[in-house]
Structure formats: C-alpha cells, structure tokens
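Data block below; observations after.
The values are calculated or read from the model by the stated rules, or taken from the named source; none is laboratory data. Keep in mind that this is a model prediction, so the values were computed, not measured. Methodologically, a virtual Cβ is constructed for each residue, glycine included, from the backbone with ideal geometry; neighbour enumeration extends over all protein chains shown.
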C-alpha cells in the first residue's frame, strides 16, 4: 500500500551535479574562524533553497519592465499583467491542475494553508496528523471538529487511521490535511492512498507539498487531491511567493482573505461587491517579481524531466546516510523505518553532543550550513526523539538539493567524525540560546556595512 520508491540505477551516477539545473552561489566561499576561506557547503535546503540561475535571469529580464498589475494603462503595466496572469498557467501545468482549479498566489505554504483554513465552509471537520509541520498543523485551530491523529508507525497505519477518523466525523464538509514529505525525516507519505480513502469518505484533501515539490513531481490529477500548497523559497525561487492551487468553489464562497483593492468589484457606502476567482483573495499590489520567479522555477524543474534531479539527490542521500551511519553515537530519526522512501532530508542526534554546538562548529570551523532545533514540528520531534532514545531535546538536520556536491557530503561526515572524537577546536558560548564563537574573527560581507 505504501508509495513505491523511485527506481534508481545501482551503478554510480557520474557527475550528476552537471546534469541538474544550476543555482546561484555555487562558488560562494565563506570565512572560517581558524583562518582562510572555503567553499560553502549549503546543507540546509529544507529550510530555504538557493536561487536557480534561470530564476535569477528571469527576474533580471523582468525588472526593467516592472510596473503595476491589472489596473495600469501603460505598456510596462500591461507587460507585467501578462507576466502575472501567465504565471497562473505555468503553476497549473506544474501541479497538473484541473482546468477549473483556481491558482491563488500567496507568500508561502503557511500563507496558502491559512488562506484555505479561512475559506472552509462552516462546520467543516478537519483531520490532520500531529506529525505535520506547524504550517499544516496550526491553521485549523483546535475546536471539536479538528481531530489530530497520533504519529502512525507505518504508511499502512496512516491510511487506516485516516479512514477511521473520517468515518467518525459528523455530517458536513470534511478536509484531510496531508503531507507529501516530512520536513524532519524526508520520508515520503502515501499521498495517493490517503487521498483514495478521503474520497471514499466524502472528504476533500489538501497537500502540503513544500518539501515534496522541489524533489518529485506533484500532480493534482494523478494523486486525486483537491488542493496543493507550495512555497517558492523551497522551490529555488526565494522571492517571497507561494501558491494555493485547487478547487474554486470553497474559495469563491468564502470572505476575502484580505480586504482591499484588487479584491473588490464595486464599493459603495453601504456595501462591497467582491470579485470571484483568485483576485478575491489577492488584495493589494501583488508580488509580481516573486510570482514570476516561482513560475520560472517550476518551468525549469519540469523542463528536462525529473529523472536527473531524482538521480542526483538519490546518489547524495545514499552517500550521506552511509557516511552518517559510521559516526559513533549517531541516531537517525525516522517515522516509518530507515528503509522507507525519502527525499534528501536526514535528521539525527549524536550521543553526548549538543546539536546547537555541533551546528555552530560545522559552520565556523568547516564552512557547512545545517539546521538544528525542532524544525517547526515540535509534536513530531518530541515523539521521534523519545523513540530514538536520544539524550537531547533537539536534533541536527541535513538536507541536500541542487547545487549540493559529493564533496559537501564527504566534508560533513569527516567533520562530524572529528567533532565527535576531538570536540570543537574553537571556544563557543551561548548567546540568546544560540552557540556562537567567542571573539569571532570572521568578517561579514561588505554590503552589510552599507
């Protein structure tokens, strides 16, 4: 019943990084506290991915034409209006949306899911797993019609739990909140199977695809889901745009997400007429540049097919997990077991080592960027840390993507071995809850002094 992993050739994939889209910052060099500079190993893609070069080029191409959207008579304004509305068609193609689906531009996935939460019909029952990222867990509130399901032990358990929960819901609209891939472990959820159960129980589905869409194709029609939310900053388009794509009826019937210009059809002393369609929820001057960047990223990722991206990340993930498995005291976190299909995200603890101190030393002494903490998934992390037997209340997360090289992975593994065996070479102290180097000699980029 679980989603089948992508089949990756067993032979080593040579130079996979050269076959995937290039990102800005591949040549970035960062200072070390011990002196000198080193190429930056960005292993924090799950938080915010770097910008694709094609996206930067698309933005540079648009900027001279930047003007108002929808209401301007000038030629540049007409160009920007075409860019903005044309992006809807590109998002529709990227997500495999139905012809009748709405494409509403938002700031990010959090914004998109909050928009949908505000648009739910009255008395809608919501079922959500407590393993969700806060963006998918919190917008629905905590009333009697919101049911949080405990973390499932297997994908099959997830399907059975959702089926039972929806069957027990009272009469009325129902919504199942699904995740494509965990932002903590990278594990891929059985979305199609969950959606099938929801459909049988008369429920709609929304997919948080923030972590899945940068790594795998997300097709609304093929998965038979009703809504999908995505973020540009995860999709190599860090210009502040995201989208909610899905059925239009609930969105058209709801009060506007924001009240203001663009959402209105007519305003009188005693009444306001609101637009229908995406404009109903896009009040104010839109983020034209961000929307254009998001559409450009979607086009780039889909242009040559997903196979090079999947192969590149699979090679890196195999190398990463094999190396981490040799680090003494390292405990990898997992929902469904370490053999389950996943995208390029791994979280772990190291016995006797503070994750925040490790993260600080990896950055300051080795030029490696990782994430430490609870990753805005506190309920999931509490369970995973307890089950792993970790002696820490936080974890380290490593996430790979386009622009990640095998050297970055190898440097991380070697650095962890050294830190576990010898400890940091520099002295660190905690400032506002974060470990920082004492008397940090590294110089910040010159533009910060402007």
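Looking only at residues of region 50-70 that are touching a residue at least 60 places away in the same chain (Cβ under 8 Å) and part of a loop (DSSP other than H, G, I, E, B), we find that the one that is farthest from residue 278 (Cα to Cα) is 50. Of everything listed in (1) part of a helix (DSSP H, G or I); (2) out of contact with any helix residue (DSSP H, G or I) (no Cβ under 8 Å at 6 or more places or on another chain), the single unmet condition for residue 261 is (1). Here residue 58 meets the list (1) in contact with a helix residue (DSSP H, G or I) (Cβ under 9 Å, 6 or more places away or on another chain); (2) at pLDDT 95 or above; (3) under 30 Å from residue 376 (Cα atoms) almost entirely, failing just condition (3). The set of residues in region 290-326 that are more than 16 Å from residue 186 (Cβ to Cβ) and buried (at least 20 other Cβ atoms within 10 Å of the Cβ) comprises 290, 291, 292, 293, 294, 295, 296, 297, 298, 300, 301.
Got a sec? Which of 93, 135, 167, 112 is over 20 Å from the mean Cα position of the chain (by Cα) and at pLDDT 95 or above?
Values: 93 fails: over 20 Å from the mean Cα position of the chain (by Cα); 135 fails: over 20 Å from the mean Cα position of the chain (by Cα); 112 fails: over 20 Å from the mean Cα position of the chain (by Cα).
Exactly one residue qualifies, and that residue is 167.
Just for region 86-109: of the residues that are assigned to a helix (DSSP H, G or I) and touching a strand residue (DSSP E or B) at 6+ places or on another chain (Cβ under 7 Å), which one is surrounded by the fewest Cβ atoms within 10 Å (Cβ to Cβ)? Looking at the filtered set, the residue picked out is 92.
Which one of 277, 246 is in contact with a strand residue (DSSP E or B) (Cβ under 8 Å, 6 or more places away or on another chain), surrounded by fewer than 17 Cβ atoms within 10 Å (Cβ to Cβ) and touching a residue at least 40 places away in the same chain (Cβ under 8 Å)? Spell out how you get there, then give the answer.
Values: 246 fails: surrounded by fewer than 17 Cβ atoms within 10 Å (Cβ to Cβ).
Only one candidate qualifies: 277.
Taking the residues in region 420-450 that are in contact with a strand residue (DSSP E or B) (Cβ under 8 Å, 6 or more places away or on another chain) and surrounded by 13 or more Cβ atoms within 10 Å (Cβ to Cβ) as candidates, determine which candidate is farthest from residue 359 (Cα to Cα). Result: 442. Residue pairs whose Cβ atoms lie under 6 Å apart, sitting 6 or more positions apart in sequence or on different chains, and linking a residue in region 192-204 that is touching a residue at least 12 places away in the same chain (Cβ under 8 Å) to a partner that is assigned to a loop (DSSP other than H, G, I, E, B), are 193/1; 195/224; 195/225; 204/226. Tell me, yes or no, whether region 153-160 has at least one residue that is buried (at least 17 other Cβ atoms within 10 Å of the Cβ), part of a helix (DSSP H, G or I), in the same structural domain as residue 230 (by TED's automatic domain parsing) and without any contact (Cβ under 8 Å) to a residue 60 or more places away in the chain. Yes, region 153-160 contains at least one residue that is buried (at least 17 other Cβ atoms within 10 Å of the Cβ), part of a helix (DSSP H, G or I), in the same structural domain as residue 230 (by TED's automatic domain parsing) and without any contact (Cβ under 8 Å) to a residue 60 or more places away in the chain.
Selection of region 426-450 for residues being modelled with pLDDT of 95 or more and under 15 Å from residue 31 (Cβ atoms) yields 426, 436, 437, 439, 440, 441, 442. Checked against the criterion of being part of a helix (DSSP H, G or I), surrounded by 15 or more Cβ atoms within 10 Å (Cβ to Cβ) and modelled with pLDDT of 95 or more, region 28-49 contains not a single residue that satisfies it.
When we screen 9, 5 for residues that are outside the structural domain of residue 156 (by TED's automatic domain parsing), at pLDDT below 95, more than 22 Å from the chain's Cα centre (by Cα) and surrounded by fewer than 17 Cβ atoms within 10 Å (Cβ to Cβ), the only hit is 9. Only residues that are outside any helix (DSSP H, G or I) and either surrounded by 15 or more Cβ atoms within 10 Å (Cβ to Cβ) or not assigned by TED's automatic domain parsing to the domain that holds residue 258 (or both) were counted across region 110-146, and they come to 16.
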